[in-house]
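Chemist: Below is one structure. I have some questions about it.
The values are calculated or read from the model by the stated rules, or taken from the named source; none is laboratory data. Worth saying up front: this structure is predicted, and the values here are computed from it rather than measured. With ideal geometry, Cβ positions are generated from the backbone for all residues, glycine too; neighbour counts draw on all protein chains shown. To get the accessible areas, we keep the full protein, side chains included, count just its heavy atoms, and leave off ligands, DNA and RNA. Shrake-Rupley method; radii C 1.70, N 1.55, O 1.52, S 1.80 Å.
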Amino acid sequence: MDEIDFRTADGRVLHGYDSAPGDDARLAVVWHHGTPNLGTPPAPLYEAGEWLGVRWISFDRPGYGGSTAAPGRTMASVAADLTTVLDTLGIGTCALMGYSGGGSYALGSAAVLGDRVEAVATFAAIAPYGMEGWYDGMIDSGCAALRAAAAGREARLRNEAVEYDPEFTDSDVAMFDGPWGWLGSIAGDVAMPNGPDGAVDDDCSYVVPWGCDPTTITAPTLLLHGTADRIIPSAHADWLAANLPTAELALHPGLSHISILSQAEPALEWIRDHTG
């Protein structure tokens with residue numbers, strides 16, 4: 001895995017990852033990480049990626065890992081960051097895969113990049129703010145953090161003092177005993193060595209306009225969500241499926257916010273099947 005520091009037009013650093021440098025024969029799949037995780041591509045999918053011919057590309061969103069913070073960032077501004085990464089690497093088209101809030105960033109990137117995106121798969125993506133019932137069914141601590149973000153960045157920073165309880169389901173907890181226990185290795189201090197900017201700015205981006213219109217996405221899109229998810233309730237997937245013209249909804253009864261990743265390998269196969 002190559003790690004590269006990209007430089008944006010405004011002088012920021014984006015710390016990125018490339019699993020197959022220079023191998024244009026492989027399908028470039030961009031991984032958009034969740035909150036609050038590091039941006040390294042998903043190790044549990046490396047083996048499947050090899051036999052499917054995938055070249056993993058990713059980067060730490062601003063404020064995470066080695067990437068410079070960018071308060072006020074949006075789905076559209078991070079899509080511009082992705083354009084910098086792709087252009088620097090000489091990659092023309094790609095597919096996108098995103099988990100949790102990273103799913104929303106993947107959708108935003110698909111809206112901005114247009115024909116450069118061949119396919120999109122998301123797991124537990126967040127719908128645009130303003131959706132009726134946007135907070136309905138969310139865990140208490142998640143609601144508190146996002147309502148604080150809606151009151152402004154300073155309010156969200158103050159909320160950092162409040163302990164966050166993800167209220168993982170039994171199916172979520174079981175995932176940590178398998179390959180997706182990898183998530184534990186990319187969270188916490190390793191993801192945000194310089195403070196909470198990454199998570200704070202993620203939350204703030206979820207409660208403001210995206211700066212792009214996801215309903216304009218033209219690439220085939222697979223929305224995966226668990227019906228037992230209370231971190232991001234599946235009503236978000238329902239809204240996205242109803243409003244994205246190319247979207248296919250895959251609701252999984254009983255799966256939740258972590259356990260939906262049990263569907264990641266089939267989703268990667270779906271991406272391979274829906275790209276040239």
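Chemist: Which of the residues spanning the range 255-276 are part of a helix (DSSP H, G or I) and over 17 Å from the mean Cα position of the chain (by Cα)?
Modeler: Answer for the range 255-276, where residues must be part of a helix (DSSP H, G or I) and over 17 Å from the mean Cα position of the chain (by Cα): Pro266, Glu269, Trp270, Arg272, Asp273.
Chemist: Also, quick follow-up: Only one residue in Glu154, Glu167, Glu163 is modelled with pLDDT of 95 or more, within 16 Å of Ile231 (Cα to Cα) and either open to solvent by 60 Å² or more (accessible area, probe 1.4 Å) or out of contact with any Lys or Arg (no Cβ under 7 Å at 6 or more places or on another chain) (or both). Which one?
Modeler: Glu167
Chemist: Follow-up. Can you find a residue in the range 244-264 that is open to solvent by 10 Å² or more (accessible area, probe 1.4 Å) and free of Cβ contacts under 8 Å to residues at least 24 places away in the same chain?
Modeler: Checked against the condition, which is being open to solvent by 10 Å² or more (accessible area, probe 1.4 Å) and free of Cβ contacts under 8 Å to residues at least 24 places away in the same chain, the range 244-264 yields no hits at all.
Chemist: Please identify the pairs in which a residue from the range 1-18 that is within 20 Å of Glu47 (Cα to Cα) has its Cβ atom under 6 Å from the Cβ atom of a residue that is outside any strand (DSSP E or B) and not basic (Lys, Arg), counting only partners at least 6 apart or on another chain.
Modeler: Correct list of pairs: Met1/Ser19; Asp2/Pro21; Tyr17/Met1; Tyr17/Thr40; Tyr17/Pro41.
Chemist: Right, next: Condition check: in a helix (DSSP H, G or I), open to solvent by 10 Å² or more (accessible area, probe 1.4 Å) and touching a strand residue (DSSP E or B) at 6+ places or on another chain (Cβ under 8 Å). Does Thr68 satisfy that?
Modeler: Judged against the criteria, Thr68 is not a match.
Chemist: Do we have Ala250 as under 21 Å from Trp31 (Cβ atoms) and out of contact with any Phe, Trp or Tyr (no Cβ under 6 Å at 6 or more places or on another chain) here?
Modeler: Taking the combined requirement at face value, the residue satisfies it.
Chemist: List the number of the failed condition for Gly133; all other conditions in (1) surrounded by fewer than 21 Cβ atoms within 10 Å (Cβ to Cβ); (2) under 20 Å from Asn243 (Cα atoms); (3) in contact with a Cys (Cβ under 6 Å, 6 or more places away or on another chain) hold.
Modeler: (3)
Chemist: Another question about this same structure. For the range 217-254, which positions are out of contact with any Pro (no Cβ under 9 Å at 6 or more places or on another chain), within 28 Å of Arg55 (Cα to Cα) and in a loop (DSSP other than H, G, I, E, B)?
Modeler: Within the range 217-254, Ala219, Pro220, Pro245 qualify.
Chemist: Report the residue count in the range 185-194 for those that are open to solvent by 20 Å² or more (accessible area, probe 1.4 Å) and outside any helix (DSSP H, G or I).
Modeler: Total meeting the criteria: 4.
Chemist: Hey, does the range 77-93 have a residue that's surrounded by fewer than 24 Cβ atoms within 10 Å (Cβ to Cβ), in contact with a Lys or Arg (Cβ under 7 Å, 6 or more places away or on another chain), in contact (Cβ under 8 Å) with a residue 60 or more places away in the chain and not β-branched (Val, Ile, Thr)?
Modeler: Within the range 77-93 (the criterion being surrounded by fewer than 24 Cβ atoms within 10 Å (Cβ to Cβ), in contact with a Lys or Arg (Cβ under 7 Å, 6 or more places away or on another chain), in contact (Cβ under 8 Å) with a residue 60 or more places away in the chain and not β-branched (Val, Ile, Thr)), the answer is no, since none of the residues qualifies.
Chemist: Next up: Could you please give the count of residues in the range 72-103 that are under 25 Å from Val190 (Cα atoms), in contact with a helix residue (DSSP H, G or I) (Cβ under 6 Å, 6 or more places away or on another chain) and not in a strand (DSSP E or B)?
Modeler: Total meeting the criteria: 7.
Chemist: Same structure again: Can you tell me which of (1) under 15 Å from Thr88 (Cβ atoms); (2) open to solvent by 30 Å² or more (accessible area, probe 1.4 Å); (3) within 16 Å of the chain's Cα centre (by Cα) is the one Gly16 doesn't meet?
Modeler: (2)
Chemist: Could you tell me how many of the residues in the range 195-235 are surrounded by 19 or more Cβ atoms within 10 Å (Cβ to Cβ) and among the hydroxyl-bearing types (Ser, Thr, Tyr)?
Modeler: Counting residues in the range 195-235 that are surrounded by 19 or more Cβ atoms within 10 Å (Cβ to Cβ) and among the hydroxyl-bearing types (Ser, Thr, Tyr) gives 4.
Chemist: Looking at (1) out of contact with any Asp or Glu (no Cβ under 8 Å at 6 or more places or on another chain); (2) among the hydrophobic types (A, V, I, L, M, F, W, C); (3) assigned to a helix (DSSP H, G or I), which is the only condition Val200 fails?
Modeler: Every listed condition holds for Val200 apart from (1).
Chemist: For the range 154-184, how many residues meet the condition of being in contact with a strand residue (DSSP E or B) (Cβ under 9 Å, 6 or more places away or on another chain) and either aliphatic (A, V, I, L, M) or assigned to a loop (DSSP other than H, G, I, E, B) (or both)?
Modeler: Counting residues in the range 154-184 that are in contact with a strand residue (DSSP E or B) (Cβ under 9 Å, 6 or more places away or on another chain) and either aliphatic (A, V, I, L, M) or assigned to a loop (DSSP other than H, G, I, E, B) (or both) gives 2.
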